Ligand SMILES: [Zn+2]
């Protein structure tokens, strides 16, 4: 269950780990992709959580119940203390 307090340690998406700074870049937001048109525009300041919440709402994804979607479709939250690894984009530690 996702608690709404505190930033996640990172995310798992498509079998890769991502830190909060890079999950948005990992989303399929290009032409014809699942979340076409939902890339964060240059100059927009938005947290990973705000971005993911907006996309989830738009696509009917229930982030509060991660059992209802697969991490190949939409990122799942990794909490501090959960499985660890490195961000697929920058190599920063995620989790642990
Ligand atoms: Zn990163």
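So for segment 79-87 (the condition being in contact with a helix residue (DSSP H, G or I) (Cβ under 8 Å, 6 or more places away or on another chain), within 16 Å of the ligand (Cβ to nearest atom) and either within 17 Å of residue 22 (Cβ to Cβ) or modelled with pLDDT under 95 (or both)), does at least one residue qualify? No, that holds for no residue. Residue count for segment 28-69 under the criterion of being touching a helix residue (DSSP H, G or I) at 6+ places or on another chain (Cβ under 7 Å) and part of a loop (DSSP other than H, G, I, E, B): the result is 5. Considering only residues in segment 43-75 that are surrounded by 14 or more Cβ atoms within 10 Å (Cβ to Cβ) and within 16 Å of the ligand (Cβ to nearest atom), the one that is nearest to residue 14 (Cα to Cα) turns out to be 75.
The values are calculated or read from the model by the stated rules, or taken from the named source; none is laboratory data. From a predicted model like this one, the values you see are computed outputs, not experimental measurements. Backbone-built Cβ (ideal geometry, glycine too); neighbour counts: all protein chains shown.
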